[in-house]
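Nothing in this text is a laboratory measurement; each read-out follows from the coordinates by a stated rule. Note that the structure is predicted; figures quoted are calculated from it, not measured. Neighbour counts are summed over all protein chains in view; Cβ atoms, including those assigned to glycine, are modelled from backbone coordinates with ideal geometry.
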Amino acid sequence: MYYHYSDDEKLWNDFRSGSKEAFEYLYRNYVGILYNYGFKICQDKMLTKDAIQEVFLSLLTKYDKVNLTYAIKLYLFKSLRIEIFKKLKAEQRFTDILLVDANFSMEYSAEEKIIEDEITMIRIRELAQVIELLPRRQKECIYLRFYEGMTYQEISDIMDIEVSSVYKMLYKAIEKLYENLAMKNGNLFL
């Protein structure tokens, strides 16, 4: 039987009380977006799946010790991000943070196209090309803010940076996008 929760507080409290239904609901509703986010960080399907499994296994085994939160998505994104970087470090794939910065991918999937009705496919491809030129952390900020709809505070918590740094990073990213688009073919919104 599938349960539905009207708010995160009730869901999280039920989960912390040991409700299997609440855990199943958490998994069903968040595994897909966690996979999308995780894959954008490392572009490794197996590592992403392993990290998600670790996050949910940790939740399952330590449900009674998990901190109280009212922002489940934020909690899960941050947990996944930490787990992925822990796995990357353990595998010693990246010894330099610049190598990690080069690997955040901004590919568009059908469900992520929030502006499909307003911009042609050609312009979307052009935007994607310009986004790929940005540093990984700027791409990650753009993804969290505009594709996941997170607040600046939530992005700050996930990426473990100051809120002011999120503002600056997004400002610089958007400014660079406009510059690159203008150089490429003029105004994006012609």
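A few notes on this one:
- Inter-label distance for Glu175 and Lys86, nm, one decimal - labels placed 7 Å from Cα along Cα-to-Cβ: 3.7
- Charge tally around Ala182: other residues with Cβ under 12 Å, Lys/Arg +1 each, Asp/Glu -1 each, net -1.
- Net charge of Cβ neighbours under 14 Å - reference Tyr167; Lys, Arg +1; Asp, Glu -1: +1
- Ala128/Arg28 FRET efficiency (R0 45 Å; Cβ-Cβ; nearest 0.05): 0.90
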